[in-house]
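Read through the structure below, which is laid out as structure tokens, and then see the notes.
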Amino acid sequence: MAHLLPRPAVFEPADGSFELSSGTSVSGPAELVDAVRLALAVLDLRPAESGTVRVERDASLGAEAYAFEVTAEGVRIAAGDRAGAFYAGQTLRQLLPDEAFRAVARDGWAVTAGRVEDAPRFSWRGVHLDVARHFLPKREVLRMVDIMAAHKLNRLHLHLVDDQGWRVESRFAPRLHEVGSHRPRTITSYYGEEPAFDEVPHGGYYTLDDLAEISAYARARAVTIVPEIDVPGHASAVLAAYPSLDARATGGRKPEPFPVLDRWGISPAILSPLPPTIDFLTAVIDEILGALGETPYVHVGGDECVLDDWAAAPEIVAFQEELGLESLSGLHAWFLRRLADVLAERGSRAVVWDEAFVSGTLRDDTIVMPWRGREVARRAAEAGHDVVQTPVFPLYFDYAEAASEREPIAIGDTITVSDVAAFDPAPESWTAGQRERVLGAQFQLWSERLPDGRAVDYRAWPRGCALAEVAWSGSAGSGFGERLEGHLGRLDAMGVEYRPLTGPHPWQLGGAGRRRHRPGVVRVDKAMKHLEEMTHAGESTRPSL
């Protein structure tokens, strides 16, 4: 098999080839033609009444599925929908030399004759990008969409809100971006050291027009934006802007406001769960949905909440009792369920981290992202929730790929390409009903130690290539290692600054404001054991690390 990644279900080479050059004609339904032209933009295919590249809609093919045949006379593509036509174009691109992944084509190329049939194993093939801890400008988000599209990854989960920053314009509540989008400094010391800071302001946010542009750009490339507004915890930035939403401020109290957090870890800052907070968040969500357009999924967080300030507020405890809830954990689940109701009224499904599932009863249609391991994922699936697999091991890419001081600083170690390639999102040990609840898988790029796009590239790829194959094909198939090595030339042509398979380039070890990794301080195997134990704890919402 050629170095196709992710591998298609069927690839049968044949004798002969077809010359695919700049200006080659393409014909078919306009929507499908546009998708193929976008995937093969480097060739500037020209629409025609009868093209040598022909695209047809085939109702027998499922969502995102496609087939094509290359002969000496041309290319015939069949697709179930626009995304399928786009992915057919991406696979055709992989049959060309690596230069086809540059922005400009020098010449045409001969594409080997043959037949491909393909469809995804999982519908959710995701990338989580934390732009709250370190802001990434719009250009980096659009670039991530391009790289995802080349790998048939189709969900970009944008973590827009956390203690360290609020990253979206709000015309309803402008202090969110005026105050919450920046911090005066950022911690630079290692975990366990005396805190030290860079004393450099950090900030940024996306305007609503930016969100509209990002969403349209992604949609054209078969990528769905999944915005995350992480509540009720991780709330320092929100409460720096609007202290009246603080759980401590109920009953007219005026506590010292939280600042936008300048260090990593968890703040006790938590929103009040009372109805005015729901009303406030509803107005903000409406702005975001208005900018993004059709938004099938909205993540509302629910993770790592310290409920102490709820317990200390008589008004909140009384509200819990009025609702007939037995515990504050139940109130935590009620709060997220109420937001899920708001989203459902607007045609969106809520997504939550697994603490929300453990806390109490969610809406049946709420999607759970079980980051704390396979067992809580199985429990959520058994309870009837759709699941997107997001376990720390092996899908938290802020962990180093080697337990070595030759790596740039990471939260811990070790998660390798091989670890990701071996991951099975829907294990055979699960029941058929549980396996059917697995929508797919997603890798996470938490950005405490990812200050810019170059650092993101280094952590994301080529581990992300392995996840792309697992999520599209169901597993990393035979010859994956060889195909991955061949695929790296495409990443080079695209300008992706990935981590070489043999270890970092000298210039990837560090740089201004960066430090090297300290191996063995946080081991992923020990972290996973603790996290899985926490999913059975009575106070499961409390921060686990």
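The values are calculated or read from the model by the stated rules, or taken from the named source; none is laboratory data. This is a predicted model, so every value here is computed, not measured. Because the Cβ atoms are built from the backbone with ideal geometry, glycine has one as well, and the counts that use them run over all protein chains shown. Just the protein is used for accessible areas: all its heavy atoms, side chains included, with ligands, DNA and RNA removed. Shrake-Rupley method; radii C 1.70, N 1.55, O 1.52, S 1.80 Å.
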Which ones in the stretch 69-94 are open to solvent by less than 30 Å² (accessible area, probe 1.4 Å) and assigned to a loop (DSSP other than H, G, I, E, B)? Gly80
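In the stretch 247-295, what residues are small (Gly, Ala, Ser), crowded, with 18+ Cβ neighbours inside 10 Å and over 17 Å from Ala237 (Cβ atoms)?
First, pick out the residues of the stretch 247-295 that are small (Gly, Ala, Ser): 247, 249, 251-252, 265, 267, 269, 272, 283, 290-291, 293.
Those still in the list that are crowded, with 18+ Cβ neighbours inside 10 Å too: 247, 249, 267, 269, 272, 291.
Across the stretch 247-295, the qualifying residue is only Ala291.
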Pick out the one residue from Val417, Val456 that is aliphatic (A, V, I, L, M) and in contact with a Pro (Cβ under 7 Å, 6 or more places away or on another chain). Val417
Exactly one condition in (1) out of contact with any Gly (no Cβ under 9 Å at 6 or more places or on another chain); (2) basic (Lys, Arg); (3) assigned to a loop (DSSP other than H, G, I, E, B) is false for Arg133; which is it? (1)
From the list Ala426, Ala403, exactly one residue is among the aliphatic types (A, V, I, L, M), assigned to a loop (DSSP other than H, G, I, E, B) and surrounded by fewer than 20 Cβ atoms within 10 Å (Cβ to Cβ). Which is it? Ala403
Is it the case that Thr207 is hydroxyl-bearing (Ser, Thr, Tyr) and either closer than 20 Å to Glu294 by Cβ or without any contact (Cβ under 8 Å) to a residue 12 or more places away in the chain (or both)? yes
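So that you can scan it fast, the table gives a plain yes or no per residue for (1) in contact with a Leu (Cβ under 7 Å, 6 or more places away or on another chain); (2) within 16 Å of Trp353 (Cα to Cα):
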position	(1), (2)
Val376	no, yes
Arg379	no, yes
Val392	yes, yes
Glu407	no, no
Thr416	no, no
Ser429	no, no
Ala432	no, no
Val438	no, yes
Pro462	yes, no
Take Gly489 and tell me if it is in contact (Cβ under 8 Å) with a residue 60 or more places away in the chain and part of a loop (DSSP other than H, G, I, E, B). no
Per the filter on the stretch 185-198, residues open to solvent by 30 Å² or more (accessible area, probe 1.4 Å), in contact (Cβ under 8 Å) with a residue 24 or more places away in the chain and part of a loop (DSSP other than H, G, I, E, B) are Arg185, Thr188, Tyr190, Tyr191, Gly192, Pro195, Asp198
Give the residue that is nearest to Ala212 (Cα to Cα), with candidates limited to residues of the stretch 151-184 that are among the hydrophobic types (A, V, I, L, M, F, W, C) and surrounded by 22 or more Cβ atoms within 10 Å (Cβ to Cβ). Val168
Against the conditions (1) under 30 Å from Ala311 (Cβ atoms); (2) out of contact with any Ser or Thr (no Cβ under 8 Å at 6 or more places or on another chain); (3) modelled with pLDDT of 95 or more, where does Tyr217 fall short? Just the number, please. (1)
Of all residues in the stretch 251-290, how many are modelled with pLDDT under 95 and among the small types (Gly, Ala, Ser)? 4
Looking at Leu531, is it under 22 Å from Pro120 (Cβ atoms) and not in a strand (DSSP E or B)? no
For the stretch 463-497, name all the residues that are open to solvent by less than 40 Å² (accessible area, probe 1.4 Å) and touching an Asp or Glu at 6+ places or on another chain (Cβ under 6 Å). Ala476, Gly489, Arg490, Ala493, Val496
Quick check, is Val358 under 20 Å from Gly301 (Cβ atoms), modelled with pLDDT of 95 or more and not in a loop (DSSP other than H, G, I, E, B)? no
I need the full set of residues from the stretch 58-68 which are closer than 23 Å to Thr224 by Cα and either in a helix (DSSP H, G or I) or open to solvent by less than 30 Å² (accessible area, probe 1.4 Å) (or both), in order please. Glu64, Ala65, Tyr66, Ala67
Filter pass, Leu95 being among the aliphatic types (A, V, I, L, M), under 30 Å from Leu445 (Cβ atoms) and touching a Ser or Thr at 6+ places or on another chain (Cβ under 7 Å): yes
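Quick grid of which residues meet (1) of a type in the set (D, E, K, R); (2) free of Cβ contacts under 8 Å to residues at least 60 places away in the same chain:
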{"site": "Gln389", "(1), (2)": "no, yes"}
{"site": "Glu401", "(1), (2)": "yes, no"}
{"site": "Ala422", "(1), (2)": "no, yes"}
{"site": "Arg435", "(1), (2)": "yes, yes"}
{"site": "Arg449", "(1), (2)": "yes, yes"}
Lone unmet requirement of (1) over 18 Å from the mean Cα position of the chain (by Cα); (2) over 16 Å from Leu467 (Cα atoms) for Ala422: (2)
Filter result (in contact with a Phe, Trp or Tyr (Cβ under 9 Å, 6 or more places away or on another chain) and charged (D, E, K, R)) within the stretch 214-241: Arg221, Asp230
Could you count how many residues in the stretch 199-215 are surrounded by 15 or more Cβ atoms within 10 Å (Cβ to Cβ) and not in a strand (DSSP E or B)? 9
Filter the stretch 296-311 for residues that are in a helix (DSSP H, G or I) and open to solvent by 40 Å² or more (accessible area, probe 1.4 Å); which is nearest to Pro370 (Cα to Cα)? Asp308
Output the residues belonging to the stretch 18-36 that are within 34 Å of the chain's Cα centre (by Cα), closer than 15 Å to Thr91 by Cβ and either β-branched (Val, Ile, Thr) or open to solvent by 10 Å² or more (accessible area, probe 1.4 Å) (or both). Val36
